[in-house]
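Structure first, then comments.
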Amino acid sequence: MAKEILLVLAAVSCLLVGSTAQPAHVVHIVGGSKGWYTPPNTTFYDEWAAKKNFTVGDKLMFLFHSSVYNIMQVTKEDFDKCDDRHVINRWIIGPTFINLTEPGMHYYYDSIGLHCEAGQKLSINVQENKPSVAASGAHVTTPKFVGLLGLFAYLACLLFM
Ligand SMILES: *[C@@H]1O[C@H](CO)[C@@H](O)[C@H](O)[C@H]1NC(C)=O
Ligand SMILES: *[C@@H]1O[C@H](CO)[C@@H](O)[C@H](O)[C@H]1NC(C)=O
Ligand SMILES: *[C@@H]1O[C@H](CO)[C@@H](O)[C@H](O)[C@H]1NC(C)=O
């Protein structure tokens, strides 16, 4: 019963997000409801990323247990080989939010054990943030859906639908 109520809430939230919100900044939950884990195949995170658009100003949210998993941001060369010669950043405490502040390719993997080799790796292409129509000011017809409720609605949307 509780679960059904949650699903209804999520559905309503999704409708709200879909109809009134053009969130300027999106929080992407990496891997969706699975989070950041060692997936059953090596294409899991490619498949997840292929359905998204990443824009400067967005955030990645990595859901994981500290000390079981971690996140390394590396160069393409290291990413391809699951190597750690050129570590740009590392995060060891889950969950972690990462701000996407630069356009271009971003490479992340989990350096624990053989997690990277097994497919716990994510490469994304972050696009420049194009100025939105609303930013020009003249004809803002739909209210922007901001704040905690908006974030909740968006998360619920991602998690449940
Ligand atoms: C990889 O695993 C995910 C999660 O189980 C699954 O949805 C997806 O279809 C799999 N991809 C391939 C190519 O087997
Ligand atoms: C990503 O961008 C393309 C082109 O602008 C658009 O067609 C598509 O619907 C977008 N996908 C998402 C998930 O926003
Ligand atoms: C990420 O961006 C938020 C504002 O959106 C800011 O409060 C936070 O400090 C930033 N985090 C990092 C690590 O830069």
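Could you work out the Rg to Rh ratio of region 25-65, with Rh taken as the Kirkwood radius (inverse of the mean 1/r over all Cα pairs)? Kindly include the intermediate steps, with their values, before the conclusion.
Working: Rg = 10.5 Å, Rh = 10.8 Å.
Across region 25-65, the Cα-based Rg/Rh ratio is 0.97.
Pull out the extension gain between Thr101 and Thr75, defined as 0.36 nm times the separation in residues minus the alpha carbon to alpha carbon distance; nm, one decimal.
Values: separation 26, 0.36 × 26 = 9.36 nm, distance 1.64 nm.
That works out to 7.7 nm of additional length.
For region 72-119, what Kirkwood radius comes out of the mean inverse Cα-Cα distance, in Å?
11.4
Lys52 versus Leu114, label points 7 Å from Cα toward the beta carbon: distance in nm?
Rounded to a tenth, the inter-label distance reads 2.7 nm.
First measure r as the distance between the Cβ atoms of Ser67 and Ile88, then evaluate 1/(1 + (r/R0)^6) with R0 = 22 Å and state the FRET efficiency to the nearest 0.05. Numbers along the way, then the final one.
Values: r = 21 Å, r/R0 = 0.98.
Plugging the Cβ-Cβ distance into 1/(1 + (r/R0)^6) gives 0.55.
No lab work stands behind these numbers, since they all come straight from the coordinates. Just so you know, these numbers come straight off a predicted model, no measurement behind them. Cβ: placed from backbone, ideal geometry, glycine included. Neighbour counts: every protein chain shown.
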